[in-house]
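The values are calculated or read from the model by the stated rules, or taken from the named source; none is laboratory data. Because the structure is predicted, anything quoted here is derived from the model rather than measured. Here Cβ is always computed from backbone atoms with ideal geometry, including for glycine, and neighbour counts include all displayed protein chains.
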Amino acid sequence: MRLFLLAAIAFSLGAQTPAGDAKHGKQLFESYGCYQCHGHDAHGGAGARLAPNPIPFAAFSRYVRRPTGEMPPYTAKVVSERDLDDIYAFLGTIPAPPPVKSIPILNH
Amino acid sequence: MDRRGFLKGAAAGAAALATKTPAQAQEVHARPAAPLPSGRALAAETAPVSAAVEVLTADRPGSDFMLDVLKHLGFEYICANPGSSFRALHESIINYGGNRSPELITCCHEEQSVAMADGYAKIEGKPLAVMAHSTVGLQHAAMAIYNAYAGRGPVFLILGNTIDVAARRPGVEWYHSAQDAAAMVRDYSKWDDLPISLTHFAESAVRAYKISMTPPMGPVVLVADSDLQETPVAPDQHLRIPKFTPASPPAGDAAAVAAAAKMLVAAENPVVLADRAVRTEEGRKLLVELAETLQAPVVGGKFPSRHPLSQGGGRGLIGNADVILALEVPDLWGTINNVRDQLHRTTTSLTKPDAKIISVSAEDLYLKSNYQDFQRYPEVDLAIAADAEATLPYLIEACKRLLTGDRKRAFEDRGKKLADAHRQGIERARTEATYGWDSSPISTARMSAEIWEVIKDKDWSLVNGPASRLWDIDKVYRTSTGGGAAGVGYGAPASVGGALANRKYGRFSVSIQNDGDLMYGPGSFWTAAHHRIPLLAVMHNNRAYHQEVMHIQRMANRHQRGIGNAGIGTTITDPNIDYAALVRAMGVHGEGPITNPNDLGPAIRRAAEVVSKGEPALVDVVTQPR
């Protein structure tokens, strides 16, 4: 039952995923200063890692607008809905990192 | 015989007096015990003096005795930017003392001198001395003194000053004198004095050293009057230096320690917060023994990073704990609570409502009121006002006395779970490091991994900056803590001070150097080059005062104005600074700026070869913000 509910929520959130402009989103990720906390490749830093495999768009959008943690709020007055779509599209293009085993100096 | 009498005798007594007017002679005799008469004042008062009898030289100035005192206390080095108010002591160090023990370290700024002393003490466990002008020098030094004070670091500061107005040269010497020189740092130094005789100087120096080294340690300030420095010591003046006996640090009261042990042994999920618990290698071993006795997780401090009981993720452990043992945690309240930095600040306790908190801290023995470094008042269940390291043997013994077969078995089970958590934590850290591995600017995880690859087979010591969880931190000198009061400009000089302490042991000193910090005092690298202090500085160059970028971003978002201007006043670009060229200009090997992650390893290796030959080197790495 619990698994079913989770799957239903994930499907419902996934269904709301917009089709943004990833190239523009990358520019916005810089100009809006997202990289200051999340890194230029969204791999995390002072803030959480955002990619690869970003959280569902609805949760992403909700947190950006009304963060429950330390992140400052980015209201629609500052970041438009369309810009948010584009940033999310950019996050979706971040590739998976190389496996640990392929990096010798991480295995010492 | 006082100094006036000595000078008079040295100038052939009666012959000299014969040159004075009766009024002048009367004045000499009328003030035989003036508190601080001077050679220069005497000369002025008795002019005209015959060239045939004028005293122009001195075989044994008071500063020689002051140096005897410093040697008695075992100072290896004395840091200073030169200043006329301590010129006699300076000369005594380099000539009378042969510039050995202490050796004079030339600094480019008094803040650098004190931060070097702070960094040195964090490795060596004892102070080095610093000389500075009582006014302009101390004003430069003030922030570093506050950093040392808040970090409970021992620093021994000597201020040149001229208290006698009749002894001052006109002009600059007045600007460089103060009636109560130490007043401006009294709120953030542990003790100070203004000796008016050499006997007084010796006694106060030994007392100051003892106070500085007694936990909670801290900076001390001693004014060395310039007239006292320069006036000769009379041949028949008997001076002695008091014996220095360090005070043994206070251990916890036996009943309180027994109560703490009872709580810890009965706990199902204890956690040890080890922040400043350990000062020495022996202390580190004791901390391990306590953790193993209880099979309790340890968060922070100098606990060995690859020990199975070493745990990251302190918040999770704190939230699950039934007993929390806080050993010298300077901000205990902030450790067990969360304050959310939004428009309306909210506070959330991280602990269970019935969690018991034990504090062992020397902070309860010594506080001042003005500067707020003592943090918010923590509510605890048992407060042991004592030095944690000194208390550990008794706490271990008390815990062992309470162990039963049942508790041992429970501890073993807990230990196995914690060992699994430790392994998983390391694996997570390893995986996390892969994200952004090939990014440019270079990720801080990649930079840490590249540094570790170069130092892992050396006897290394990180003298500034954060160590990676993936590093094997197995000795007390492997890591050092940052500036106690978070005052920027600490890292560069403190790392040179730490490297100076490490030099005689042949250790390989490495620092992670922030760009904004370096620009406060780049002259530290000249000092490292001049004195052949081996140090590998790898720069975390995010081209900004990044913490402040985030603060301005937070404000701009809160005010809904967009963050487009957040870089104004917070970034260090246009032009970008070529840090490698900057240090090369001061005789330091410089590499960079490195922007391609694949170039980083070779650059660090080249720099490390220079350091291994006894020289400093810097690798400028353009990094991700964090």
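Quick one: what pairs do we get from region A:88-108, first residue farther than 22 Å from A:His38 by Cβ and facing chain B (nearest Cβ under 7 Å), second surrounded by fewer than 15 Cβ atoms within 10 Å (Cβ to Cβ) and of a type outside the set (Asp, Glu), C-beta under 8 Å, 6+ apart or different chains?
Cβ pairs passing all conditions: A:His108/B:Lys456.
From (1) within 14 Å of chain A (Cβ to nearest Cβ); (2) more than 32 Å from the chain's Cα centre (by Cα); (3) not polar (S, T, N, Q), pick out the condition that doesn't hold for B:Asp599.
(1)
Is at least one residue of region B:558-573 outside any loop (DSSP other than H, G, I, E, B), modelled with pLDDT under 95, out of contact with any Phe, Trp or Tyr (no Cβ under 7 Å at 6 or more places or on another chain) and surrounded by fewer than 19 Cβ atoms within 10 Å (Cβ to Cβ)?
The answer is yes; a qualifying residue exists.
Please indicate, with yes or no, whether at least one residue in region B:435-456 is in contact (Cβ under 8 Å) with a residue 40 or more places away in the chain, under 30 Å from B:Gly484 (Cα atoms) and in contact with an Asp or Glu (Cβ under 6 Å, 6 or more places away or on another chain).
No, region B:435-456 contains no residue that is in contact (Cβ under 8 Å) with a residue 40 or more places away in the chain, under 30 Å from B:Gly484 (Cα atoms) and in contact with an Asp or Glu (Cβ under 6 Å, 6 or more places away or on another chain).
Please go through region B:583-597 and pick out each residue that is touching a residue at least 24 places away in the same chain (Cβ under 8 Å) and outside any strand (DSSP E or B).
Correct list: B:Val583, B:Met586, B:Gly587, B:Val588, B:Thr595, B:Asn596, B:Pro597.
So how many residues does region B:319-339 have that are in contact with a strand residue (DSSP E or B) (Cβ under 6 Å, 6 or more places away or on another chain) and either surrounded by 14 or more Cβ atoms within 10 Å (Cβ to Cβ) or assigned by TED's automatic domain parsing to the domain that holds B:Ala486 (or both)?
Applying the first criterion (in contact with a strand residue (DSSP E or B) (Cβ under 6 Å, 6 or more places away or on another chain)) to region B:319-339 yields B:321, B:323-329, B:332, B:337-339.
Of the ones still in play, those that are also either surrounded by 14 or more Cβ atoms within 10 Å (Cβ to Cβ) or assigned by TED's automatic domain parsing to the domain that holds B:Ala486 (or both) are B:321, B:323-329, B:332, B:337-338.
Qualifying residue count, region B:319-339: 11.
Would you check if there is a residue in region B:292-299 being assigned to a helix (DSSP H, G or I) and of a type in the set (D, E, K, R)?
yes
Identify the residue in region B:530-554 that is at the interface with chain A (Cβ under 8 Å from one of its Cβ atoms) and of a type in the set (A, V, I, L, M) and, among all such residues, is surrounded by the fewest Cβ atoms within 10 Å (Cβ to Cβ).
So the residue we want is B:Val549.
Go over the candidates A:Ala76, A:Ala58 one by one and state the one that is more than 7 Å from every other protein chain (Cβ to nearest Cβ) and more than 21 Å from B:Asn565 (Cα to Cα).
Residue meeting the stated conditions: A:Ala58.
Examine region B:372-385 for a residue that is crowded, with 23+ Cβ neighbours inside 10 Å and either in contact with a strand residue (DSSP E or B) (Cβ under 9 Å, 6 or more places away or on another chain) or aromatic (Phe, Trp, Tyr) (or both), and state whether such a residue exists. Let's see the steps before the verdict.
Within region B:372-385, the subset crowded, with 23+ Cβ neighbours inside 10 Å is B:384.
Filter again for either in contact with a strand residue (DSSP E or B) (Cβ under 9 Å, 6 or more places away or on another chain) or aromatic (Phe, Trp, Tyr) (or both), leaving B:384.
Taking every residue of region B:372-385 in turn, at least one turns out to be crowded, with 23+ Cβ neighbours inside 10 Å and either in contact with a strand residue (DSSP E or B) (Cβ under 9 Å, 6 or more places away or on another chain) or aromatic (Phe, Trp, Tyr) (or both).
Condition first: within 9 Å of another protein chain (Cβ to nearest Cβ) and under 20 Å from B:Ile512 (Cβ atoms). Can you find one or more residues in region B:555-574 that meet it?
Scanning region B:555-574, I find no residue that is within 9 Å of another protein chain (Cβ to nearest Cβ) and under 20 Å from B:Ile512 (Cβ atoms), so the answer is no.
Across region B:453-470, what is the number of residues that are of a type outside the set (Asp, Glu) and at the interface with chain A (Cβ under 10 Å from one of its Cβ atoms)?
3
Filter region B:241-261 down to the residues that are loosely packed, with under 15 Cβ neighbours inside 10 Å and either in a helix (DSSP H, G or I) or without any contact (Cβ under 8 Å) to a residue 40 or more places away in the chain (or both) and list them by number.
Selection gives B:Lys243, B:Thr245, B:Pro246, B:Ala247, B:Ala254, B:Ala255.
Filter region A:32-53 down to the residues that are more than 7 Å from chain B (Cβ to nearest Cβ) and either at positive phi or without any contact (Cβ under 8 Å) to a residue 24 or more places away in the chain (or both) and list them by number.
A:His38, A:Ala42, A:Ala48, A:Asn53 - these are the residues of region A:32-53 that are more than 7 Å from chain B (Cβ to nearest Cβ) and either at positive phi or without any contact (Cβ under 8 Å) to a residue 24 or more places away in the chain (or both).
Among the residues of region B:195-216, is any outside any helix (DSSP H, G or I), touching a residue at least 12 places away in the same chain (Cβ under 8 Å), among the aliphatic types (A, V, I, L, M) and closer than 29 Å to B:Thr391 by Cβ?
no
Given the criteria closer than 30 Å to B:Asn557 by Cα, in the same structural domain as B:Ala258 (by TED's automatic domain parsing), loosely packed, with under 13 Cβ neighbours inside 10 Å and touching a helix residue (DSSP H, G or I) at 6+ places or on another chain (Cβ under 7 Å), does B:Leu350 qualify?
Criteria not met by B:Leu350.
Exactly one of these conditions fails for A:Phe29: (1) away from chain B (no Cβ under 11 Å); (2) closer than 14 Å to B:Ile563 by Cβ; (3) without any contact (Cβ under 8 Å) to a residue 12 or more places away in the chain. Give me its number.
(3)
Go through region B:610-626 and count every residue that is within 12 Å of B:Glu591 (Cα to Cα) and either of a type in the set (S, T, N, Q) or within 14 Å of another protein chain (Cβ to nearest Cβ) (or both).
1
With (1) buried (at least 23 other Cβ atoms within 10 Å of the Cβ); (2) not assigned by TED's automatic domain parsing to the domain that holds B:Thr404 as the list, and B:Leu273 as the residue in question, which single condition is left unmet?
Only one criterion is unmet by B:Leu273, namely (2).
Residue check: is B:Val454 closer than 25 Å to B:Ile78 by Cα, of a type in the set (A, V, I, L, M, F, W, C) and either part of a strand (DSSP E or B) or in contact with a helix residue (DSSP H, G or I) (Cβ under 7 Å, 6 or more places away or on another chain) (or both)?
Values: closer than 25 Å to B:Ile78 by Cα: no; of a type in the set (A, V, I, L, M, F, W, C): yes; either part of a strand (DSSP E or B) or in contact with a helix residue (DSSP H, G or I) (Cβ under 7 Å, 6 or more places away or on another chain) (or both): yes.
It is false that B:Val454 is closer than 25 Å to B:Ile78 by Cα, of a type in the set (A, V, I, L, M, F, W, C) and either part of a strand (DSSP E or B) or in contact with a helix residue (DSSP H, G or I) (Cβ under 7 Å, 6 or more places away or on another chain) (or both).
Checking the structure you have, find out if any residue of region B:416-428 is within 35 Å of the chain's Cα centre (by Cα), within 13 Å of chain A (Cβ to nearest Cβ), touching a residue at least 60 places away in the same chain (Cβ under 8 Å) and crowded, with 18+ Cβ neighbours inside 10 Å.
Checking region B:416-428: not a single residue is within 35 Å of the chain's Cα centre (by Cα), within 13 Å of chain A (Cβ to nearest Cβ), touching a residue at least 60 places away in the same chain (Cβ under 8 Å) and crowded, with 18+ Cβ neighbours inside 10 Å.
Quick one: count up the residues across region B:450-491 that are touching a Gly at 6+ places or on another chain (Cβ under 9 Å), more than 14 Å from B:Phe303 (Cα to Cα) and either crowded, with 20+ Cβ neighbours inside 10 Å or among the hydrophobic types (A, V, I, L, M, F, W, C) (or both).
14
Would you mind finding the one in A:Asp85, A:Asp41 that is acidic (Asp, Glu) and in a loop (DSSP other than H, G, I, E, B)?
Within the list A:Asp85, A:Asp41, the selection yields A:Asp41.
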